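A quick write-up on the structure given underneath.
The values are calculated or read from the model by the stated rules, or taken from the named source; none is laboratory data. No experiment lies behind these values; they were computed from the predicted model shown. Here Cβ is always computed from backbone atoms with ideal geometry, including for glycine, and neighbour counts include all displayed protein chains.
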Amino acid sequence: MSVGAGDLAHTRNNNLTALPPQILLLPALTHLDLSHNKIATLDFSSPIEPSDEGLGYGAGFLSTSFSRNQKKSNAVLPGLQVVNLGHNALKNDAIKALGQAKMLRSVNLEGNRLTGVLDLEEAGISKTALPYLSILNLSGNAGLKEIKGDQKGVEVNMEDCGPSQTFDRETTVNTGIPGTEQPTREKKPALPVPESTMTMVYKSCPAATFDSLPLDIDFDLYLPSTPAGPSGHPLVIWFHGGGLLQGNKENLPPHLRRLPEHPYTRDERVAVISPNYRLAPQVPIIDILSDVTALMDFVRGRLNDKLKKMGKGDHTVDMGRICLSGGSAGGYLAMIAGMAVHSRATDESVGGYRGEKGIKCIAPFYPITDLEDSFWATKTNPVPWYGKT
């Protein structure tokens, strides 16, 4: 978990299934980002008190010891204003705990497992429970049909909720008033957005501290439904963007998810890999590039053996036809991974990474190209909702 100057905490992409207990012991916390984990339950009811043995470790637990003896319960997260729980596994009944953080102004629940009709009162996220709430993001909950309850003064986003619709052909609606005919469009179901065929771990990092867990770094593999040709599937590896600060493998665009079902040639279709990699500032850029090295070593040295052992021997990959691609920071990783760097280039100018040989194609989209630019040495706050520049 990363904690800012008493008011910001985030722990993304850590496979969390519940709130980290230490978060509840941060009374000055105003912004909390727990997106892109696997959280299915929430409990803001009470802090986790240290054990009697734990109290012996230092005076830092002294005030907690007094509160235990006095049997008083302090308010939990009294200043929490913004919480990002996007892309977790929360269902309708699990979000009721949010009503315990009374100062919440912005709640992001996009990409969870909310379904049916969401009653804001029952869910604890109505204006009655959260009088300061002004932004509620429910987008990307495909099973969520509608919401009911007091929404006055709340900006609610429900994009990509319920049955997906897209426009097909244009027709004309006759309003009955001459000269006011209005064009409209008939709707048809949108093309499905496939889920990955499987997820593989390509690198395991040891625990960084005594109280943390090892970190598995993985990728999603999208395979065609038809078998590979004699040499194997061509492969596209797409690195997600996010300024090397945010994003994850689930950010793979829909058209790339559908790519494996698009005929590449008459008899061939393309496989796609969308990898995770560690993010700054928790790790330096050189460590992110070491993840790219580990990914390429895994793909070239172990992927096909893994596929055969998993019963996917007819979907092997052609290591002579690999395309590296990505957008923004992902474009930088694709470019730097696929280009062999001249020996005279300094580590500072290329990020310390020396490049891969034998890559068939590099397709970076608006990539980072200069790590010595003043942008990288200028203090900024990249989180728009933090309210600062």
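The figures follow:
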read-out: Selection count, segment 185-204, where residues are modelled with pLDDT under 75 and among the aliphatic types (A, V, I, L, M); value: 2
read-out: Which listed residue, of L256, L221, L213, L235, is under 27 Å from E110 (Cα atoms) and part of a strand (DSSP E or B); value: L221
read-out: Selection within segment 254-287 - in contact (Cβ under 8 Å) with a residue 12 or more places away in the chain, of a type outside the set (A, V, I, L, M, F, W, C) and over 20 Å from S204 (Cα atoms); value: P254, R257, R258, P260, E261, Y264, D267, E268, R269
read-out: Any hit, segment 232-246, residues being under 17 Å from the mean Cα position of the chain (by Cα), of a type in the set (F, W, Y) and within 20 Å of G86 (Cα to Cα); value: no
read-out: Selection from segment 304-319 of residues that are touching a Leu at 6+ places or on another chain (Cβ under 8 Å) and crowded, with 18+ Cβ neighbours inside 10 Å; value: H315, T316, V317, D318
read-out: Looking only at segment 317-343, and only at residues there that are assigned to a strand (DSSP E or B) and β-branched (V, I, T), the one that is nearest to L279 (Cα to Cα); value: I322
read-out: Residues (part of a loop (DSSP other than H, G, I, E, B) and either surrounded by fewer than 22 Cβ atoms within 10 Å (Cβ to Cβ) or aliphatic (A, V, I, L, M) (or both)) located in segment 273-292; value: R278, L279, A280, P281, Q282, V283, P284
read-out: Subset of segment 108-146 (residues that are under 19 Å from N88 (Cα atoms) and among the polar types (S, T, N, Q)); value: N108, N112, T115, N137, S139, N141
